[in-house]
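The values are calculated or read from the model by the stated rules, or taken from the named source; none is laboratory data. Just so it is clear, the structure is predicted and the values come from calculations on it, not from any experiment. FYI the Cβ positions are ideal-geometry reconstructions off the backbone, even for glycines, and counts take in every protein chain you see. In case anyone asks, the SASA skips ligands and DNA or RNA and just uses the protein heavy atoms, side chains included. Shrake-Rupley method; radii C 1.70, N 1.55, O 1.52, S 1.80 Å.
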Amino acid sequence: MTARGIDLGLIGCTVCGKLVRCGDPGARVHCPRCSATLRPRKPHSIQRTWALLLAAMILYVPANLLPIMRTSQFGDEVADTILSGVVYFLFNGDWPLALIIFTASVLVPLLKMLALVYLLVSVQAGDRSGRRQRTSLYRVTELMGRWSMVDVFVIALLTALVQAGSLASVAPDVGAIAFCAVVILTMFAAMSFDPRLIWDRQVQ
């Protein structure tokens with residue numbers, strides 16, 4: 001079996017990545033580079049990740065079903081969900097924009113949640129296979145989460161730009177709050193998960 005850093009008295013800083021030698025795993029040690037507190041494993045990583053992930057999964061439903069944006073033009077008010085926006089751009093020939101919004105706002109959060117569920121279940125089950133692949137999956141999952149905010153950026157820009165008094169206006173709706181919560185919760189869930197647990201013989 002490949003030797004782990006913790007077996008060799010080494011702890012990796014989760015902030016700057018520096019590898020620090022620590023004789024006593026129970027001692028409180030700080031990173032000499034960035035002064036962050038070093039821990040062999042994040043405390044209660046599994047429980048925190050599950051809690052954040054389940055909250056995100058619950059909010060994912062209203063985030064996609066409730067209106068995310070409300071448009072008012074010449075007295076007519078229209079409420080759009082993420083999926084209705086995708087359909088609108090698709091039927092108006094803007095399929096690249098529809099694809100970007102669908103991928104970033106629907107597919108990416110869903111795939112991220114499924115990836116985290118898989119990582120949590122595999123760690124708790126003590127799965128020893130495909131550890132390198134699961135570590136790579138975690139890195140990709142953590143990296144791609146930020147791109148889910150594209151819908152929120154679009155709404156923010158439209159709200160700032162499309163304001164013409166009583167003629168036209170764009171405002172975020174309740175679905176935008178749920179969607180932001182999903183993105184933020186999945187980002188925190190990915191940050192709470194300790195990928196070093198993948199290499200442990202049993203969950204710490």
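Of all residues being open to solvent by 60 Å² or more (accessible area, probe 1.4 Å) and of a type in the set (Val, Ile, Thr) in the range 98-144, which is modelled with the highest pLDDT? Just the residue, please. The residue in question is 121. Please verify whether the range 67-85 includes one or more residues that are surrounded by 19 or more Cβ atoms within 10 Å (Cβ to Cβ), modelled with pLDDT under 80 and of a type in the set (Ser, Thr, Tyr). Taking every residue of the range 67-85 in turn, none turns out to be surrounded by 19 or more Cβ atoms within 10 Å (Cβ to Cβ), modelled with pLDDT under 80 and of a type in the set (Ser, Thr, Tyr).
Checked against the criterion of being more than 24 Å from residue 172 (Cβ to Cβ), not charged (D, E, K, R) and not in a loop (DSSP other than H, G, I, E, B), the range 81-95 contains one or more residues that satisfy it. Taking residues in the range 131-145 that are farther than 11 Å from residue 111 by Cα and in a helix (DSSP H, G or I), and partners anywhere that are open to solvent by less than 50 Å² (accessible area, probe 1.4 Å) and among the hydroxyl-bearing types (Ser, Thr, Tyr), the pairs with Cβ atoms closer than 7 Å and at least 6 places apart or on different chains are 134/122.
Scanning the range 1-55 for residues that are at pLDDT below 85, surrounded by fewer than 14 Cβ atoms within 10 Å (Cβ to Cβ) and either assigned to a helix (DSSP H, G or I) or of a type in the set (Asp, Glu) (or both) turns up 7, 8, 24.
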